[in-house]
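Reading through the structure tokens given below for one structure.
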Protein chains: 4
Amino acid sequence: MQFLSDNAAPVHPAVWAAMAAADDTDRPYDADALSARLDERFSLLFEQECAVLWTSTGTAANCIALACLVPPYGGIVCHSEAHIEVDEGGAPGFFTHGAKLLLAPGEGAKLTPQAIAQIIDPVRDDVHQVQPHAIAITQASEYGQVYTPGELHRIGAYANMRKLRLHMDGARFANAVAYLGCSPAQASAAHGVDTLAFGFIKNGGMSAEALVFFDPSLAAQARYRRKRAGQLQSKGRFMAAQLLSMLEADLWLHNARHANAAAGELAGGARDRLLRKVEANEVFMTLSAPEAAALRAQGFSFYDWGENAVRFVTCWNTRAEDAAALARAIAAL
Amino acid sequence: MQFLSDNAAPVHPAVWAAMAAADDTDRPYDADALSARLDERFSLLFEQECAVLWTSTGTAANCIALACLVPPYGGIVCHSEAHIEVDEGGAPGFFTHGAKLLLAPGEGAKLTPQAIAQIIDPVRDDVHQVQPHAIAITQASEYGQVYTPGELHRIGAYANMRKLRLHMDGARFANAVAYLGCSPAQASAAHGVDTLAFGFIKNGGMSAEALVFFDPSLAAQARYRRKRAGQLQSKGRFMAAQLLSMLEADLWLHNARHANAAAGELAGGARDRLLRKVEANEVFMTLSAPEAAALRAQGFSFYDWGENAVRFVTCWNTRAEDAAALARAIAAL
Amino acid sequence: MQFLSDNAAPVHPAVWAAMAAADDTDRPYDADALSARLDERFSLLFEQECAVLWTSTGTAANCIALACLVPPYGGIVCHSEAHIEVDEGGAPGFFTHGAKLLLAPGEGAKLTPQAIAQIIDPVRDDVHQVQPHAIAITQASEYGQVYTPGELHRIGAYANMRKLRLHMDGARFANAVAYLGCSPAQASAAHGVDTLAFGFIKNGGMSAEALVFFDPSLAAQARYRRKRAGQLQSKGRFMAAQLLSMLEADLWLHNARHANAAAGELAGGARDRLLRKVEANEVFMTLSAPEAAALRAQGFSFYDWGENAVRFVTCWNTRAEDAAALARAIAAL
Amino acid sequence: MQFLSDNAAPVHPAVWAAMAAADDTDRPYDADALSARLDERFSLLFEQECAVLWTSTGTAANCIALACLVPPYGGIVCHSEAHIEVDEGGAPGFFTHGAKLLLAPGEGAKLTPQAIAQIIDPVRDDVHQVQPHAIAITQASEYGQVYTPGELHRIGAYANMRKLRLHMDGARFANAVAYLGCSPAQASAAHGVDTLAFGFIKNGGMSAEALVFFDPSLAAQARYRRKRAGQLQSKGRFMAAQLLSMLEADLWLHNARHANAAAGELAGGARDRLLRKVEANEVFMTLSAPEAAALRAQGFSFYDWGENAVRFVTCWNTRAEDAAALARAIAAL
């Protein structure tokens, strides 16, 4: 039973079906009929005009967005444990041509205006220091923590006041919305987010993420940047098909609710071991090395996450009984 | 009936089947069991040790290769009509951090040692001029022309003599091999090619190209560059599955032979209009605007290719009778 | 007697004097009193508001300007023999992060709207091709040819119509103005030039060029780009001093007139050998290898410039009698 | 009396004299007779073969060196308060094409093998994380602290063991050598330093720093990188002249000893206020805002350095009596 990663999960049958249905001849790149529907479909979802590009990875979606928001000589405030800082192999430096990540602290890998101010207030307003141009936050965060609409509102207002652009890494945006029970807009665009890397791959997709511009004027340059980065696939209709199928009947939301519920099931059985409140589909727990080994011997797979700690990830297809079984196995340690 | 682009063609059933079979849980990124088999499988095909990475576009495969071969301050000799010069949105400049394309002439978009020498001999050996570090050729060329083993041998020997690296853009490498009737190695690696972007997408694949290193020592840096470029997909097993299925029972070669044969059928019916000898799956013809319109009115789709000229592309699934019908329609103009 | 390069000439005594006078303690970088006067002083000269930065080379001035005008994914139309294409070691690719030079033809290394259109009209308006964002011209050109106000006006109007920015490489701008006998503005800014790399080093300076922004709103980012490129010298007062001394009593113009006159003297004595009309301080002549050797044996230094051709450059300090002596020596060949 | 910055100090008369003596006609760029002597002259100084390039700033010297040592996808370990991290406007990101600075802690802005290990040991050896390729240290550090030969030896051995390259930012290398009383080699090259940005501008120069390669095989690419960065001045002989004059009769060392002595004089009069041991020419002191204001009212200029702290810098021309006067003024506060 795998609790390793939502990247390890299979592709949802509806996504397969949509891809198969796209297997007709159509115009190459993003000139196909499906890609042409993305803007409208996401605009409906977010209750405002959007421009949307598919990309093959969240790395690319995040970094194309950042390149549109920040000049090469600028800086981006993010959490010191943000994925773009820690786990994207320096991709932001590549796409932005060397813009600098300015690292802020924050509980649960979440930023606050105070934490951001603590980093950028000391920056001298001169050419010797890299000036902040944008903020990047992750919804849900790298520790599975969710920004509430109120928290987002405060960050958005601060960004606006400081004339900073705001990007959201939404690798697990669906899980955040599922947790909040609010509209997608309330979890993002309504509070001044300029760009969102809306993740679908971890949530039942195969190879398509959505880069959403809430300021559609930025999308024109993004299309050039996407091509230039080798991200413009020639059979793009299979990319668009994945995204559209995930929006159909809110599949993205159902999948995320399922994964969150499984995480809740698991967390509920081991409250005393939890290292973080479980708000999305990641469960961080205290577990000694022998305990972890014992669980693995029972067929559970998962990653260590520092010393005496592990991470379990639940997926759109994690069975409730498997989560319960894992919870019991932990309780029995 | 579409003769627009091999990018517009559907995905081969065997590729679909392989992807479906990969829809098991496996480790993310390229740590899956299928990705692990690529090096060995391609080494068999090319009869020498290879290291192979999947990428989502030929653009990325070409440009990651070039970035491994050439420093940012270096130059790459290519044909003035090469895809990397004309149609990749400046991607080589992005991936190589500004290396320069040095443009050489040549019949049929093919290079010769003489044409290359004509461009690089006048380069002064000083820091004011960008020095050549590599040669990039396209097999088959942008005009569907194929380098013979003899021609490759001469280019490879010249590259070696001038201490230049040699990259091959093989977007239609399969069609070239099908035409030559030689081994894949004889159409590439045997003559000093360092890196090959082996195209599968135009030939029945969906979204996976193979970046092949005949000098495997270059692959380590390529893996970092791929990640950094947002090309390392989290469900990489679906990428590897595509490539492996195309190698199975030489599907790549069968598909290419089929496409080439259809092109031959079409060309055979309109010899007097041919602008180029037809060696792969592209047919360039003289056609006036009214003639082109007449064909389109009959349901044939294709691109204009300059004034009074058009390009027809045949695919792995182009029906012989459709090619024949097009040939007859042209003859009847 | 050196006719090798205006870069080989000495520094003008007035420049030395100004540098010596700046050898007081002052604030570092560009916070000194002299640097603070540049904007005003050049605004007077160009009869409009300017923002001015010193740089240590024309390469840096040109390339910082281009980076301000063109995004990394954009293109810059220039002459195929422009210095930025041929002799700056790929610097434009470095500063712009890979923007592409789009090469146009033109007599005497000068561009016309027609030549520019010939290059950019065929560019398809799609992401697969690099779109033009700016034009770069050289005043005087690499062959010592000068754009008249009328020619500039036509290029400026064309740039405006096509929404392209306009940069002027003015390594020998002074010589062009001296030739035209017009105001500096009429040779540049009055016709829509956005940025000018105004050269002083070849004209009696030591190490300071002026990067002039006729659209001062661009200067803010240029200051960050200059620092980031390692061009912000810590004792910047010596840079500003050079520029200010050259503007004092129009020293720049006097020096250029002197050099032009010497070139005229030289050209006048060898009309039948001239390869180009002599408009600035460069004289291109037909000369066989033995003839060149004979001249060198008499103590004249100069560069070969292709087969059976040479280039003589006159300087602010070239003595009229030396130019005349060279003319006589050539006549006597 | 200025204690603001050694960048604010005048140019030494011997440097002026050398520049004046270079004001003869010579070949442009670095083809002049003086530039040709640099390698030999510095090789003598460092008692081993060196290759040396002049640059116009320490920023450029540091960053060209780093670009030679580290690929774009690599990382450079430096102190979190290193100049390249804090005060070079993101220049390392520009020159290296986005390589990442990995920030280590350390007393007095100095690194130790332990501090470096603390940062790089947790880096997973996979493509998701930027791998360290080099270490950059500052001699003397940003807080005026000097690495002893023993400390350097330990860092060099560690770098060697971890296969990391080692760069030294020597903006105040002269002051470090003056303090140590050892040979220049013992303060750098003897312990595995690959590249040194040897600073002269703060020490009586005008606009030339020396980029020293103790591994001369790296210098070839550096020459291309320097040109491409717009750092190859056309009248380079004035750059070489500055460096050669500073080496003449160990002027660099005399100047540094003088500055250090003045710093010692100043520090000696205010031991109780010192924030750092004074090893070079920087004196960091506790001083309240009113106290600082009082000193400034007496004509002393200096920078605040955080809250209730200031930095005094002494220069090659700081008069002993001025340092003493400042010490007395502080004592009298």
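The values are calculated or read from the model by the stated rules, or taken from the named source; none is laboratory data. What you are looking at is a predicted structure, and each value in this text was computed from that prediction instead of being measured. We place every Cβ from the backbone using ideal geometry, glycine too, and count neighbours over all the protein chains shown.
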(request) Could you grab the pairs with beta carbons closer than 8 Å, sequence gap of 6+ or different chains, first residue in the range D:1-19 and buried (at least 23 other Cβ atoms within 10 Å of the Cβ), second one part of a loop (DSSP other than H, G, I, E, B) and among the acidic types (Asp, Glu)? (result) D:Ala8/C:Asp26
(message) For the condition assigned by TED's automatic domain parsing to the domain that holds A:Phe214 and without any contact (Cβ under 8 Å) to a residue 60 or more places away in the chain, what is the one hit in A:Glu81, A:Glu88?
(response) A:Glu88
(message) Tell me the residue from B:Ser43, B:Ser35, B:Ser56, B:Ser80 that is facing another protein chain (nearest Cβ under 7 Å) and modelled with pLDDT of 95 or more, please.
(response) B:Ser56
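Anything in the range B:51-92 that is closer than 21 Å to C:Ala91 by Cα, in a strand (DSSP E or B) and small (Gly, Ala, Ser)? List them, or say none. I'd like the intermediate steps shown before the answer.
Just the residues of the range B:51-92 that are closer than 21 Å to C:Ala91 by Cα, to begin with: B:63, B:66-78, B:84-85, B:89-92.
Okay, now just the ones that are also in a strand (DSSP E or B), so B:75-78.
Within the range B:51-92, B:Gly75 is the sole residue that qualifies.
Quick check on this structure: which one of C:Gly98, C:Gly75, C:Gly93, C:Gly89 is surrounded by 23 or more Cβ atoms within 10 Å (Cβ to Cβ), of a type in the set (Gly, Ala, Ser), within 14 Å of chain B (Cβ to nearest Cβ) and within 24 Å of C:Met161 (Cβ to Cβ)? Reasoning before the result, please.
Numbers: C:Gly98 fails: within 24 Å of C:Met161 (Cβ to Cβ); C:Gly93 fails: within 24 Å of C:Met161 (Cβ to Cβ); C:Gly89 fails: within 24 Å of C:Met161 (Cβ to Cβ).
Of C:Gly98, C:Gly75, C:Gly93, C:Gly89, the one residue that is surrounded by 23 or more Cβ atoms within 10 Å (Cβ to Cβ), of a type in the set (Gly, Ala, Ser), within 14 Å of chain B (Cβ to nearest Cβ) and within 24 Å of C:Met161 (Cβ to Cβ) is C:Gly75.
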(request) All but one of (1) under 18 Å from the mean Cα position of the chain (by Cα); (2) of a type in the set (Lys, Arg); (3) in the same structural domain as B:Asp24 (by TED's automatic domain parsing) hold for B:Arg237, so report the exception by its number. (result) (1)
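Return a yes/no flag: does the range A:33-49 have any residue that is closer than 30 Å to B:Val313 by Cα, in contact with a Gly (Cβ under 7 Å, 6 or more places away or on another chain) and assigned by TED's automatic domain parsing to the domain that holds A:Asp126. It would help to see each step written out before you state the result.
The first filter runs over the range A:33-49 and keeps only residues closer than 30 Å to B:Val313 by Cα, leaving A:33-38.
Still in the list and also in contact with a Gly (Cβ under 7 Å, 6 or more places away or on another chain): A:35.
Imposing the further condition that a residue be assigned by TED's automatic domain parsing to the domain that holds A:Asp126 reduces the set to A:35.
Yes, the range A:33-49 contains a residue that is closer than 30 Å to B:Val313 by Cα, in contact with a Gly (Cβ under 7 Å, 6 or more places away or on another chain) and assigned by TED's automatic domain parsing to the domain that holds A:Asp126.
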(request) Please go through the range A:277-318 and pick out each residue that is free of Cβ contacts under 8 Å to residues at least 60 places away in the same chain and either of a type in the set (Ser, Thr, Tyr) or within 15 Å of A:Glu265 (Cβ to Cβ) (or both). (result) A:Met285, A:Thr286, A:Ser288
(message) Just to verify a result, which residue in the range B:180-210, among those that are touching a Ser or Thr at 6+ places or on another chain (Cβ under 6 Å) and within 13 Å of chain A (Cβ to nearest Cβ), is surrounded by the most Cβ atoms within 10 Å (Cβ to Cβ)?
(response) B:Glu209
(request) Out of the residues in the range B:211-242 that are touching a residue at least 60 places away in the same chain (Cβ under 8 Å) and away from chain A (no Cβ under 14 Å), state the one that is surrounded by the most Cβ atoms within 10 Å (Cβ to Cβ). (result) B:Val212
(message) Let me spell it out: the conditions are (1) surrounded by fewer than 18 Cβ atoms within 10 Å (Cβ to Cβ); (2) in contact with a strand residue (DSSP E or B) (Cβ under 8 Å, 6 or more places away or on another chain), and D:Glu107 meets all of them except one. Which number is the exception?
(response) (2)
(request) Test C:Pro28 against the stated conditions and say whether it is touching a Leu at 6+ places or on another chain (Cβ under 8 Å), at the interface with another protein chain (Cβ under 8 Å from one of its Cβ atoms) and surrounded by fewer than 24 Cβ atoms within 10 Å (Cβ to Cβ). (result) yes
(message) Which condition from (1) among the small types (Gly, Ala, Ser); (2) crowded, with 21+ Cβ neighbours inside 10 Å; (3) more than 21 Å from B:Gln233 (Cα to Cα); (4) touching a Ser or Thr at 6+ places or on another chain (Cβ under 9 Å) is the one that B:Ala65 breaks?
(response) (3)
(request) Restrict the check to the range D:3-22 and report whether at least one residue is under 20 Å from the mean Cα position of the chain (by Cα), part of a helix (DSSP H, G or I), under 20 Å from D:Ala210 (Cα atoms) and more than 13 Å from chain C (Cβ to nearest Cβ). (result) no
(message) Looking only at the range C:290-313, filter to residues that are part of a loop (DSSP other than H, G, I, E, B) and aromatic (Phe, Trp, Tyr); which one of those is farthest from the chain's Cα centre (by Cα)?
(response) C:Phe300
